[in-house]
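Notes to accompany the following structure.
Any read-out appearing in this document is the output of simple, stated calculations on the displayed coordinates, not a laboratory observation. Computed from a predicted structure; not experimentally measured. Backbone-built Cβ (ideal geometry, glycine too); neighbour counts: all protein chains shown.
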Amino acid sequence: MTEWIVSILIILGSLFMLVAALGIVRLHDVYMRMHAITKAASLSIVLFLLAVVVHQFSWGTLFGAILVMLFIIATTPVASHMIAMVSHMMGIPMSKGAVMDELTSENK
């Protein structure tokens, strides 16, 4: 039974990683790409870690996986925010379909 659970978790993690990779290739600007990679890749890493815990359960593995999950969940939004801020400061343009730029001085 655990093999099925591990297989499902790995397949789901791989699908989310595929979505992140497709987002990098298909989306138009750095802001959209950053959104795709941070959301989908973070979820896929959590699914992979859950698969490891289910496959090889021990309290040390569970504790380590929880620490890595918390670190990923805590640092990914901060890193993506910093990438967006630096990209905006460098003047990297948004895609033509962008509706609003909340960081410009016109909106403040």
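As an exercise, use a Förster radius of 41 Å and the Cβ-Cβ distance of S95 and L67 to find the FRET efficiency, rounded to the nearest 0.05.
Working: r = 37 Å, r/R0 = 0.91.
My answer for the efficiency is 0.65.
In which sequence would M85, M69 go, from the one with the fewest C-beta neighbours within 10 Å to the one with the most?
Values: M85 11, M69 16.
Least to most surrounded, the residues fall as M85, M69.
Considering all alpha-carbon pairs of segment 2-90, what whole percent are spaced by more than 19 angstrom?
Working: 1861 of 3916 pairs.
That fraction is 48 percent.
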